[in-house]
Each structure stands twice: as structure tokens, then as C-alpha cells.
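These notes are about the structure you will find just below.
The values are calculated or read from the model by the stated rules, or taken from the named source; none is laboratory data. What you are looking at is a predicted structure, and each value in this text was computed from that prediction instead of being measured. With ideal geometry, Cβ positions are generated from the backbone for all residues, glycine too; neighbour counts draw on all protein chains shown. All accessible areas refer to the heavy atoms of the entire protein, side chains included, with ligands and DNA or RNA removed. Shrake-Rupley method; radii C 1.70, N 1.55, O 1.52, S 1.80 Å.
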Amino acid sequence: MARNCGRRFVLGIDVGTTSVKATIIDPTTKAIIDSQWRQTQAEKSCESGSLVNEQDPSRICTALQHAVSMLKKEQLLRVSAIGICGQMHGVVLWKCREAWSRNDFRRYELENTSQLITWQDLRCSGEFLRTLPNPDSHLRLSTGHGCATLFWLQRNMPEFILQYDRAGTIQDLVVTMLCELNQPIMSVQNAASWGYFNTVKNKWNTKMKGKKTLPGRTFTSPEFCQF
């Protein structure tokens, strides 16, 4: 029994398109110790036929904390590492040092962030995408990809984009919040899902034809790590 009390667990978090999941795993046996999930109900209502597809990050954050709070407390105390994955391609923007706070119950509350513009957003038409430089990437650029969305915002809503100085996927925001980082850290697969990222060189496409600059460069440059 004493040996079992010393086991350390891993908390896995999945921030999905419609739900969030939290699972405690024994990394030695790969056994699932406990698991909870919650629907986010985060989708923002839009007019019929709208090309916009956005979600409320605050609702996602609330659903995630609710799911984690339902896990067995004695097992949570044994968690020594957290792994996070989530919906790719999408982009959320936030203001450094102003994006979240913690209430009297020590729960996180999001404040100065944009809506999450998801991978299902259709604002970047084929005509618009053809005006952008070709990416040096193994992936073809498509509507809903983070960098394409940032280019669209830069061209069509410049005042909006200037409100923020950080950007990432929704899971990047969660990591930045939990680790209390000033600068987001994005994994290679998430960077690739944004477009304009070369996974062989592990670099953004900073040099592009037509002297265009990557919109993400207007934010503090994220660091990149491979899992």
C-alpha cells in the first residue's frame, strides 16, 4: 500500500471543438485512473449563412475547470505533470498581463481576450488566399488556419488586431495561463496547423515574396518546442 501511495500520475487535458476532457493516467501502467468531460457550449451564435465561426474562450475555460474539479481530489494530489492538446488551426488573441485573473475561489477568469476564431471559420475565401504568398510548408494554406486568419484580420480589421499583443491556439492560451507565462509557447504541430511554418527547419516563414510580413510577427515571437 505504501508503494502505491508514492505513485505519481499525469493529467491529460483535451480542449476540443465541442467538449473538454480531463483524464488522470498512470504513466507506468498506462491505466486510466479517473476521467471527466464537459461540453463547452462555447459557440457564438451568428446570422444564418454567416462565414464566421467563433467560440467564447471564457466558456471553454469554465468547462475545463469544472471537468478538472470533478476528478478525485486524492488522485489530483499525485499529479506531477500535465499534458495538453486541443483543436488545431484556430486562433485566439489576448493582451499580455491582462488576459486572466483568479477569483476568490482561485479559479481562472478570462478577461482581455478575443473570441476564438476556429478552424471552421470561412472568412478567408479562395480569392483572398490567392493574394497571400505561398507557404514554405508541407501543408497547403486554407481558411481557418491561424496565419491566414491573422492576415485577414490585419487587412480587414486592423484596429481590432492592434488591441492585442499575443496570439495562439486555445490550448496555447491555457498553457500560458496555467504556467503564468508572459509569452506563449507553441508546439511544432500547432505551429504547422497555422500555416507558414516549416517543420524541417522548425521555423516560421519570415521571408516571403512581395515583402509581406507574417502577421504573427506583430506579436511577441513565440518559442517552439517539440513534445
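Once label points are set 7 Å from the Cα along Cα→Cβ at both D165 and C46, what is their separation, rounded to one decimal in nm?
3.0 nm
Under 5 Å between amide H atoms, partner at least 5 residues away or on a different chain: which partners does W100 have, H built in plane at 1.01 Å?
Correct list: E111, N112.
Residue by residue through segment 139-156, which ³J(HN,Hα) values in whole Hz follow from phi under the Karplus form 6.51 cos²θ - 1.76 cosθ + 1.60 (θ = phi - 60°), with glycine and proline marked x?
Residue by residue, segment 139-156 yields 10, 7, 5, 9, 4, x, 6, x, 5, 4, 4, 5, 4, 5, 5, 4, 7, 9 Hz.
Tell me, what HN-Hα J-couplings in whole Hz come from the Karplus equation 6.51 cos²θ - 1.76 cosθ + 1.60 at θ = phi - 60° for each residue of segment 157-164, using x for Gly and Pro?
Values, residue by residue: 9, x, 5, 4, 5, 6, 6, 10 Hz.
In Å, what Rg and Dmax follow from the Cα atoms of segment 107-194?
Radius of gyration, then largest Cα-Cα span, for segment 107-194: 13.9, 44 Å.
Specify, per residue and in Å³, the volume enclosed by the convex hull of the alpha carbon atoms belonging to segment 155-199.
Hull volume normalised by residue count: 94 Å³.
Using θ = phi - 60° and the Karplus form 6.51 cos²θ - 1.76 cosθ + 1.60, what ³J(HN,Hα) does each residue of segment 52-63 get, whole Hz, x for Gly and Pro?
7, 9, 10, 10, 8, x, 4, 5, 5, 4, 5, 4
Go ahead and set up a Gaussian network model of the chain, Cα springs under 10 Å, then flag whichever of P27, P57, P184 fluctuates most.
P27
Suppose the chain between R97 and T199 were pulled fully straight at 0.36 nm per residue; how much longer would it get relative to their current alpha carbon spacing?
33.7 nm
How much accessible surface area, in Å² rounded to 10, belongs to the heavy atoms of W37 with a 1.4 Å probe?
Counting only protein heavy atoms, W37 exposes about 140 Å² to solvent.
Taking the alpha-carbon set of the chain, what are its Rg and Dmax in Å?
Values for the chain (Cα only, Rg and Dmax): 18.8, 66 Å.
Sum -39500 (n - 2.57) across every DSSP H segment of at least 4 residues in the chain, then divide by the residue count to get the 222 nm mean residue ellipticity, nearest 500.
That comes out to -6000 deg cm²/dmol.
Nearest 20 debye, what's the magnitude of the dipole of the chain about its Cα centre given +1 on Lys and Arg Cβ and -1 on Asp and Glu Cβ?
700 debye
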